[in-house]
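The values are calculated or read from the model by the stated rules, or taken from the named source; none is laboratory data. It should be emphasised that the depicted structure is a prediction, and the values quoted were computed from it without experimental measurement. Neighbour counts run over all protein chains shown; Cβ positions are idealised from the backbone, glycine included.
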């Protein structure tokens, strides 16, 4: 089947073609669960390690708990550094000074020093095979790292439809003044790029980063507290109505994000309606089809349940018995 370029359309697994990648899954939403799936993919990580986390706006209720990340870093990668960039919108992470204050409020500086990649400047990374960009502007500190753990809170997004590993990298590594402007504005420099164009621009930004690191990147998605809103909305995020699911990990970014979307799609209508509507109405599925189109991974995968003797399961198996979120 040809790749669907209509980002409002969810493509079921049986309508996809091509190779399969491995995705590991646990229902254990804890630091221990996080480490359990990471252990299956960590062999590609080494040298100076960056951990890309969305650290959230002030008092954000749905971010990955910093205590999980603290336990994870202490055990798995004590010398790693959490990385972030400043925002394009003028709020509590717009300047480095504001950003550091927000990091303190949210508890990240209790146990680590966060590297704000664009604090001192920017660098251009090539975008190979893109149609919107030939290069992307990122925080120049990124170039000092050898490998990257992408630790993502999977959730909705007001513009992108959903925020998975692709959004975490594509927006999260682009610097706050140049790179994010390139993604969010049109040729006339006007804010308001949406739908397929936005998804493709985010994805090309991501490609510049993962091409830079080569095979030395892993993707861990945490399906917990999934509002239709991103963590960039902080306390103004819409209430969570989607059940918690678990944590998955892969060395294939498309497989990781596709499996996450598939798990939401496999839920009961009353459990997934809000988040699926958010993805569809924003044409967010174009993130997935464009990643496939420009060779960033596979949208077919083998899902391995690490909780049950590495049994091969489906997305529907993963969400069987999930409890509706009650706040």
Odd one out for residue 99, checked against (1) surrounded by fewer than 21 Cβ atoms within 10 Å (Cβ to Cβ); (2) assigned to a helix (DSSP H, G or I): (1)
So which of 284, 297, 321 is modelled with pLDDT under 95 and either on the phi < 0 side of the Ramachandran plot or not in a helix (DSSP H, G or I) (or both)? 321
Extreme residue, nearest to the chain's Cα centre (by Cα), among residues of region 229-250 that are part of a loop (DSSP other than H, G, I, E, B) and buried (at least 21 other Cβ atoms within 10 Å of the Cβ): 230
Does residue 49 satisfy being out of contact with any helix residue (DSSP H, G or I) (no Cβ under 8 Å at 6 or more places or on another chain) and either over 24 Å from residue 304 (Cα atoms) or buried (at least 21 other Cβ atoms within 10 Å of the Cβ) (or both)? yes
Return the total of residues in region 186-228 being in contact (Cβ under 8 Å) with a residue 24 or more places away in the chain, farther than 30 Å from residue 46 by Cβ and surrounded by fewer than 20 Cβ atoms within 10 Å (Cβ to Cβ). 4
In region 186-228, what count of residues is obtained for those that are assigned to a loop (DSSP other than H, G, I, E, B) and touching a strand residue (DSSP E or B) at 6+ places or on another chain (Cβ under 6 Å)? 4
So which pairs qualify, if the first residue must be in region 56-85 and at positive phi, the second must be buried (at least 22 other Cβ atoms within 10 Å of the Cβ) and assigned to a loop (DSSP other than H, G, I, E, B), the Cβ gap must be under 7 Å, and the two must be at least 6 apart or on different chains? 56/63
I'd like to check which strands (runs of 3 or more DSSP E) are fully inside region 1-89 and have at least 2 residues that are more than 20 Å from residue 297 (Cβ to Cβ). 49-53, 81-84
Under the condition of being touching a helix residue (DSSP H, G or I) at 6+ places or on another chain (Cβ under 8 Å) and not in a strand (DSSP E or B), which residue from region 130-141 is surrounded by the fewest Cβ atoms within 10 Å (Cβ to Cβ)? 131
Among the residues of region 79-111, write down those that are closer than 17 Å to residue 145 by Cα and either in contact with a strand residue (DSSP E or B) (Cβ under 6 Å, 6 or more places away or on another chain) or at pLDDT below 95 (or both). 80, 81, 82, 83, 84, 85
